[in-house]
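Notes follow once the structure below has been shown.
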Amino acid sequence: LNVTEEKFVLDTLAGCIEYRSLLDVVVNAFFVRDGRYCLLSERNLYVVICYLATFQLEELGLQRFSRIVKSLDTAKMQKFLRFFFNALYLNTWIKDEWSHFYDSPYVKENWIDPLLRWQPKVQKLIEQLTDKLSDRTTTVKTSKVTQPKEFNLTVPKPRAIPIPLPIPVQEKRPPIPASTYKPPKEKKQLEEIKTKNRQKAEIRSIICVCKGDIFFLNSRLVQGTSLTGREVVPFLPHYFEVVWELVLGQYLEELQSSHRIHIPIKLNAAAILREGALYQRKMEQELQRIENLLRGAGDPSEFLEWQKQMRGKDLEEQLAEIECRRLQGKLSHEEAVLAHQNVIQENKKKADLMREEKAELMHQYAEKRLQEQKDLRELVEQVVEGHKNAKQAKIKLQKYKQQIVQEVCEENRELLRQALEEEEEKLRKRYELIQQIRAIESLPIIRHKFVDLTETGGHGLICEMSIVELRERLALLREAQKAAEEEKRDQIIHEKQAKEQLLLDKLDQISVFRAELGRAAALKQEEKKRKLQSCERLTKDERILNLQKKIAEKTMERKKQAGLL
């Protein structure tokens, strides 16, 4: 650039930096409204055009400004100038936004009024750009097509045709055995075993029920006579045989005729073992208790009855204490609600005092703000006067910038020369490497090698073997692995059968003890009735009645206080 053009470019750059806040207002609004589909990389272009139109249009003149605009993209300039030189926008929001940075009369006199004076002439320029867009025709540039040339490469030698390998003949597969689609015999045998075990379990459950009836009858005989447990025991075997024959005969007839006795079992293995262990412990405890009775131990029924009565009394006292605590908590809640209402009244009084203080503080703040605005206007006037005396400093700054630009240009030339030398060196090394690679590729390569599978590698190792020997050893290992799998499979089947037998035995025990669970339900029902009677007694406690009376009084007082609020 010559001196005049360079001065113009530097002045434009300095002005764009100085008035960046004003220019950003217009450009940002343009991207939001009319320039939504414009590229953000073209932002600086619109900033420069906005600066020239606002601050340099008087010095440039319309002719030079039109030449600058027409040298750029027609559609972009037409859209931006139509947006910026809109009289409505200039008189409204652009003026208001610029007044945030400078005084409003200064903005209107120095920037808005000149733009409005130039607006009719710039409107003609916008119409010219619009006509140019409507009459513009697209011209397709024809470029010279590049004609490819063949590389002067060395013709490779023809490759030798390899000997075709013989196609291996696959062995005929044996047919699928018919036993694959038939259920195994073991499954049928297991079903038969399960059926037999189920019948045995049902018979044993009936036997255990009969035994329970015998002991009950034994206790009834002892109560109705003067005999003791030791004297009745000798008569039990004969009585048991008679009852056993009658019950067993009746059960077998029903089982053979209708098969109506079925025990529903829907349990997994872990649940069966766990329930069986529980019932086993209970059975051992019951046998131990009966054995102690036969040896002459005392009957703890009276002690248990006394213990039960005492526990009932303790339970009644605990329930009464719990009811007292609940009513005390309800009374505390009522008192807390009254206290909360008192706090609300106090807070209302404090809020009124705080509103009065806030109004006084806002009045003082408004007076202080007015004084600050007055001081700010005086400061702006001083700054405007300082701008008038800054032209000489601006000329000195331009000369200093020109000197810096010259120094930077010289440094750039030196760096560019060094970069070109380094790039030439890289290209030379790359060309030499390509020549070496092509020389290596031109050498003939033996691509096929015949291998004898019966020979070893010849590496001098003790464990060397040929491929044929390796295949034979692998076949032997597969056979050994298959035999081990068969043995493991048989072991698993035997373990599974033993586990199923154990589960069936446990099911027998479970079915026996489940028959006795019905008796416990009646006892629980009686206990529940007794607890309900104890709860009815709680309402007659004097402490509870007093607390209920206090709660009623507090509730009435709270409702009265709420009505006042």
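Computed from the coordinates by the stated procedures, all read-outs in this text should not be read as laboratory data. Worth saying up front: this structure is predicted, and the values here are computed from it rather than measured. We place every Cβ from the backbone using ideal geometry, glycine too, and count neighbours over all the protein chains shown.
A simple spin-label model places the labels of T454 and I322 9.5 nm from each other, with each point 7 Å out along Cα-to-Cβ.
Sorting the segments 47-58, 284-295 by their residues' average number of neighbouring beta-carbon atoms within 10 angstrom, most packed first, yields 47-58, 284-295.
So what's the net charge close to E59: Lys and Arg +1, Asp and Glu -1, counting the other residues with Cβ under 13 Å from its Cβ? Intermediate values should be presented prior to the final figure.
Working: positive: K7, R64; negative: D11, E58.
Around E59, the charge tally is 0.
For region 82-105, backbone nitrogen atoms closer than 17 Å to the point 7 Å from R369 Cα along Cα-to-C-beta are found at 100. Only aspartates and glutamates eight or more places from K196 in sequence, or on another chain, were considered; those with a Cα closer than 19 Å are E186, E253, E254, E500, D505, D508.
Extension gain for Q561 to F8 (0.36 nm times residue separation, less C-alpha to C-alpha distance): 190.7 nm. If the segment from D490 to Q345 were pulled out straight at 0.36 nm per residue, it would be longer than the present Cα-Cα gap by 43.5 nm. Full extension of the segment from K172 to F151, taken as 0.36 nm per residue of separation minus the current Cα-Cα distance, would add 2.0 nm.
The mean sequence distance of close C-alpha pairs (under 8 Å, at least 6 residues apart), as a share of the length of region 3-135, puts its relative contact order at 28 percent.
For K349, a cut-off of 15 angstrom between C-alpha atoms picks up these aspartates and glutamates, skipping any fewer than 8 places away in its own chain: E357.
Could you compute the FRET efficiency for K95 and Q123, with r as their C-beta to C-beta distance and R0 at 25 Å, rounded to 0.05? Write down the numbers at each step before the final one.
Details: r = 19 Å, r/R0 = 0.77.
E(calc), rounded to 0.05, equals 0.85.
A cut-off under 10 angstrom between Cβ atoms defines the neighbours of V107, and their net charge, with Lys, Arg +1 and Asp, Glu -1, is -3. Pairs exceeding a 23 Å alpha-carbon distance, out of K308/K330; K313/K528; K70/K124; K374/K396: K308/K330; K374/K396. Of all lysines in the structure, those lying under 24 Å Cα to Cα from K172, and not within fewer than 8 positions of it along the same chain, are K482.
Between I290 and Q501, the FRET efficiency from the beta-carbon distance, with R0 = 25 Å, is close to 0.25.
Can you work out the FRET efficiency for the pair A521 and R274, with r the C-beta to C-beta distance and R0 = 22 Å, to the nearest 0.05?
Numbers: r = 22 Å, r/R0 = 1.00.
With R0 = 22 Å, the Cβ-Cβ based efficiency is 0.50.
For region 319-344 and region 5-61, what is the centre-to-centre distance using only Cα atoms, to the nearest Å? That distance is 75 Å. For V47, the shell of other residues with beta-carbons less than 14 Å away shows a net charge of 0, using +1 for Lys and Arg and -1 for Asp and Glu.
Averaged over residues, the count of other Cβ atoms within 10 Å places the peptides 500-512, 14-26, 548-560 in the sequence 500-512, 14-26, 548-560, highest first.
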